Amino acid sequence: MTKSRASRARTTRRTTPSTHSGWRAAGARAGAALGAAGRWLMQRELWGLAVTAFGAVTVIALASPAGERGELGGAWALLLRRIFGLGAYPVGGLLLASGVALLAWNALEGRLRPPWRAVIGVELLFFGGLGLAHILSAESPWVLAHTGQRGGYVGWALVRLLRPALGQVLGVVVLAGVVAAGLVMATGSSWRLVAWRAHWLWAQVGIRLRGAILSR
């Protein structure tokens, strides 16, 4: 009995190091596999293909007639329209452009650096435009948002915020100012240049109107 126990103990001592080394090897292989999978998932080209495909599907779903979208495409298009209203189309285009930019990142790196002022200007123009489109409608803001019209839920939220506090007229003025500020920041123009162009455009309209009246 004593000899059998001693032999089992020696066997255990001999096999335990090999077992531990096997576990370490298996763990190392699993870690290497996970690292390779992580590196594969983090490839920019893979994300570019995924975002491009998603953006293309979004644009097609938004542009297709209601009866040709299918259930999934129709639900996705309706969700975007309810959230952003008319802004769903720029959102779809932005998704597609982002995917293409990821695919062509090696060629665009160092060149595609929009200034922060332009980025903020585009955002102001986008959200201010949704609010302005919503507040200028005479229909119910909630019905418009629920049916995916005008500014969607974003426009409805802005109207709910501004109209009780400022009223209809001042709300329109504030949102128009946001749109104008966004346009100036996005184009990099100055207020003086914008005012000069507006004055020139108004003068051209006056000249055309006067010419039309005199021609009668």
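Read-outs throughout are calculated quantities, based only on the coordinates presented, and are distinct from any laboratory measurement. Given the structure is predicted, the values throughout are model-derived calculations rather than measurements. Virtual Cβ from ideal backbone geometry, glycine too; neighbours counted across all protein chains shown.
Just add up the charged neighbours of Gly131: K/R +1, D/E -1, any other residue whose Cβ is under 12 Å from the Cβ of Gly131. Intermediate results must be reported in sequence, preceding the final value.
Values: positive: Arg150, Arg160, Arg163; negative: none.
Residues close to Gly131 contribute a combined charge of +3.
Full-extension gain between Leu170 and Gln204, please, as 0.36 nm times their residue separation minus the C-alpha to C-alpha distance.
Working it through step by step, the gained length comes to 9.4 nm.
Using the count of nearby Cβ atoms within 10 Å as a rough guide to exposure, how do Trp47, Trp116 rank from fewest to most?
So the residues, fewest neighbours to most, are Trp116, Trp47.
Compute the signed sum of charges (Lys and Arg +1, Asp and Glu -1) over the other residues within less than 11 Å, Cβ to Cβ, of Thr147.
Numbers: positive: Arg81, Arg82, Arg150; negative: Glu139.
After counting each charged neighbour, the total is +2.
Students often get this wrong: which residues of segment 128-146 have the backbone nitrogen under 18 Å from the point 7 angstrom along Cα-to-C-beta of Ser189?
128-129
Determine, for each peptide in 81-88, 137-144, the mean count of other beta carbons within 10 angstrom over its residues, then list the peptides with the highest first.
81-88, 137-144
Quick check: residue separation of Val143 and Trp47 times 0.36 nm, minus the Cα distance between them. What number comes out in nm?
Going from the current span to full extension adds 30.9 nm.
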